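The values are calculated or read from the model by the stated rules, or taken from the named source; none is laboratory data. Here the structure is a predicted model, which is why all the values come from computation and not from measurement. Cβ: placed from backbone, ideal geometry, glycine included. Neighbour counts: every protein chain shown. Areas reflect the complete protein model, heavy atoms only, side chains present, ligands, DNA and RNA absent. Shrake-Rupley method; radii C 1.70, N 1.55, O 1.52, S 1.80 Å.
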Amino acid sequence: MCATYESDLHFDDLPFELVCEIFDYLPLRDVKTASSVCQRWNAIIFSEVYIHRFHLQLNLDYSLPVLKQMAQLLEASDREYYSVVLRANLGSPLTDARLRIVKLMIRLLASRSESLYFNMADFRIESCVSERLLRGRKLQVIDTRAKYIPLGMGLKESMLAAICEYAVELVDLVIAEMNINNPKALVPLSSLKHLKLLLISDYYPYVKPPEPPINLPGLENLSLIKVTDESCHYFRVDNLKRFFIHSTGTDAPRTMDFITQNITQVSRLCLHFTARSIQAEVIFGWLDRFPNLLALELAGVALPGDVLKELSPANRLQKLIFVSCHLETLQLDGLLEKLAKLRLLCFDGCSLFHKQSGFHPVHYDDIEGLRQRLPHCRIMLDYD
């Protein structure tokens with residue numbers, strides 16, 4: 001018989017099941033690192049069999065004693081999960097025992113992440129930086145009853161409050177599909193003093209507060225998508241650099257008035273509308289309220305040839321980006337005089353009017369004349 005020497009043994013000789021057992025001793029962060037060591041380890045870690053080991057399902061409809069026992073076991077465990085699914089009858093009251101487990105899972109999820117995505121429509125929280133299943137974490141609450149049962153706002157607000165309580169070091173936060181008009185729902189965000197980026201969608205407050213209730217002094221990037229104009233007044237953002245709003249309103253002067261009452265120090269302004277009837281020339285007339293503005297992105301409006309008529313020649317615009325706009329002509333009146341500092345002009349997904357055939361997508365041939373007219377400005381059809 002031939003003797004087997006220690007030098008002949010290699011980690012790759014171990015069977016799949018034993019390698020999984022060894023990886024189980026690693027914290028989730030080190031498992032991610034191990035996946036980059038070699039192709040075999042990567043294949044094992046991202047296999048369906050192994051990923052399932054980091055998936056936890058809990059039923060919140062159990063009796064009170066069982067829920068308390070579940071909470072105690074979870075709090076005593078150092079096990080990490082990339083995915084947690086909480087099954088619950090959302091039509092029943094949000095008891096302290098159920099809320100305790102929800103908050104515990106959010107605390108475990110948020111304590112090691114600087115970027116979170118919270119979808120209020122399906123009660124899902126996950127890291128914004130997830131590239132593959134194991135590289136991000138997520139928590140989801142699933143309604144076990146029929147979908148026509150109203151989902152309680154209590155759970156939504158409790159989950160958001162838990163994020164603000166346990167993830168105080170957050171840098172990026174996305175809150176999607178809120179579908180609520182409660183003006184106080186976002187007040188807990190003021191506790192996130194390190195927040196740099198905030199994106200909120202489907203927020204419909206219809207009351208203008210006397211003072212902005214949400215104070216985010218370090219915020220640099222604020223995006224409000226499918227919101228009422230009043231939502232601009234809920235944020236005190238003294239150091240904001242970029243502001244994006246996709247307004248549900250159809251009155252451009254009113255929208256600009258609401259924005260300029262609270263947000264004027266930005267260097268980049270993105271205005272997206274859903275109504276072609278928006279008076280785009282009025283928007284340009286309000287730009288003198290933004291003394292630091294260097295880039296403007298305007299979307300979803302019709303642009304007449306004299307759209308720049310109310311723009312002050314003293315503006316500092318260097319980038320002008322039109323997205324999904326309808327243009328009468330590319331040779332806008334006063335282009336050279338009003339936009340002397342312009343270095344980039346983009347028509348992303350725009351349409352140009354032709355007398356005989358109506359509107360057609362802007363092509364490279366259409367912008368050739370602009371390139372000759374503006375030799376020091378970069379003319380583009382797509383903007384990343």
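A few points about this structure:
- Label positions at L64 and R378, each projected 7 Å from the Cα along the C-beta direction, are separated by 6.5 nm.
- Working from label points 7 Å from Cα in the Cα-to-Cβ sense, the S312 to Y204 distance is 3.7 nm.
- Label-point separation, T95 to V282 (7 Å along Cα→Cβ), nm: 5.5
- Percent of Cα pairs exceeding the 25 Å cut-off, where the set is the chain: 65
- Simple point charges give the picture: +1 on the Cβ of Lys and Arg, -1 on the Cβ of Asp and Glu, and for segment 287-364 a dipole about the Cα centre of about 220 debye.
- With 30 Å as the limit, the listed pairs K156/K226; K103/K196; K208/K338; K226/K319 have K208/K338 beyond it between alpha carbons.
- At an R0 of 22 angstrom, the distance between the Cβ atoms of D333 and F353 translates into a FRET efficiency of 0.90.
- A DSSP coil position with no more than 15 other Cβ atoms inside 10 Å describes the following trypsin sites (Lys or Arg not before Pro) in segment 257-306: R276.
- Under Stokes-Einstein, with the Kirkwood radius over Cα pairs as Rh, the value for segment 158-259 at 25 °C and 0.890 mPa s is 179 µm²/s.
- Cα Rg over Rh - segment 230-384, Kirkwood: 0.96
- Overall, the accessible surface of the chain at a probe of 1.4 angstrom is composed of carbon and sulfur to the extent of 52 percent.
- R0 of 41 Å, Cβ-Cβ distance E169-L370: FRET efficiency to nearest 0.05: 0.30
- If a spin label sat at a point 7 angstrom from the Cα of R87 along the line to its beta carbon, the backbone N atoms of segment 55-69 nearer than 13 Å would be those of 56-62.
- Fully extending the segment from E177 to A275, taken as 0.36 nm per residue of separation minus the present Cα-Cα distance, adds 33.2 nm.
- Straight-line reach from K309: taking Cα to Cα under 12 Å and skipping same-chain neighbours fewer than 8 places apart, the aspartates and glutamates in range are E281, D333, E337.
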